[in-house]
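The values are calculated or read from the model by the stated rules, or taken from the named source; none is laboratory data. All values reported here derive from a predicted model rather than from experimental measurement. Cβ placement follows ideal geometry from the backbone for every residue including glycine, while neighbour counts extend to all protein chains displayed. Note: areas computed on protein heavy atoms with side chains; ligands, DNA, RNA excluded. Shrake-Rupley method; radii C 1.70, N 1.55, O 1.52, S 1.80 Å.
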Amino acid sequence: MNDVDARMDRLRRAARYRYQQLVDSEIERGSLDPDEVREERRLLRLQDVEQHARARIEEAERRGVFEGNPYRGKPLPGNDGRHDPDWWIKAKIEREDIRGIAPPALALRTEDAELDDHLDALATEDDVRAVLVDFNARVKEARRQLLGGPPVVTPMRDVDAEVDRWRDRRQARRDADEVAAAERAAAEAAARPHRWWRRR
């Protein structure tokens, strides 16, 4: 803060103090309504905060602090104009992909949507069965609990049917890999130059 800013700040504080004294004396005389004065003071404080923030932003712009900022001159993402006191925790959960803290109904719904991909990553049928049995047990337990929150609408999985589907998907992937390998081999063979002569 340079000398001019410091002087202006002192003048502002002195003017605020003098204004406060005048208002207090008028309240004591009864010529001003205390509720109106309180509201006016609140608005003045908000105005001071706004002016201070604007001055700080302008100073930072002069120093080049906002150069290269992707949000410069644009609204902040996720700011739809409504006040959400939990915006920061929701943003952190989404940014860091934190799981396990949602109500069981929501957590199970998310897990159900991703279950096929999770099963496809497993190598043995026993592992697939173990995951499905565990999933069904947690769905059943969530339906029994009466802790509030949204109802559990996630269906239980038929273990044998899911294992058959896992086998079918696995076989389809193997077939697709074999076809791709054959196409690659054919393309490589076609790219090789043909010898038109043979050794004798």
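Quick rundown of the values:
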{"quantity": "Residue check for Val139: under 17 Å from Asp168 (Cβ atoms) and out of contact with any Gly (no Cβ under 6 Å at 6 or more places or on another chain)", "calculated": "no"}
{"quantity": "Number of positions in region 103-115 that are at pLDDT below 80 and either open to solvent by 80 Å² or more (accessible area, probe 1.4 Å) or not in a loop (DSSP other than H, G, I, E, B) (or both)", "calculated": "3"}
{"quantity": "Test result for Thr154, in contact (Cβ under 8 Å) with a residue 24 or more places away in the chain and among the hydroxyl-bearing types (Ser, Thr, Tyr)", "calculated": "yes"}
{"quantity": "When residues of region 46-55 are limited to those that are among the charged types (D, E, K, R) and open to solvent by 90 Å² or more (accessible area, probe 1.4 Å), the one modelled with the highest pLDDT", "calculated": "Arg54"}
{"quantity": "Residue match in region 116-130 (condition: open to solvent by 60 Å² or more (accessible area, probe 1.4 Å), outside any loop (DSSP other than H, G, I, E, B) and within 24 Å of Ile93 (Cβ to Cβ))", "calculated": "yes"}
{"quantity": "Residues located in region 56-102, provided they are open to solvent by 80 Å² or more (accessible area, probe 1.4 Å), hydrophobic (A, V, I, L, M, F, W, C) and farther than 30 Å from Asp9 by Cα", "calculated": "Leu76, Trp87, Trp88, Ile101"}
{"quantity": "Complete set of residues in region 131-166 that are in a helix (DSSP H, G or I), under 24 Å from Ile98 (Cβ atoms) and open to solvent by 60 Å² or more (accessible area, probe 1.4 Å)", "calculated": "Asp134, Arg138, Glu141"}
{"quantity": "Close pairs (8 angstrom Cβ cut-off, 6 or more residues apart or separate chains): within 20 Å of Ala142 (Cβ to Cβ) in region 107-122, assigned to a loop (DSSP other than H, G, I, E, B) and aliphatic (A, V, I, L, M) anywhere", "calculated": "Leu108/Val152; Arg109/Val153; Thr110/Ala102"}
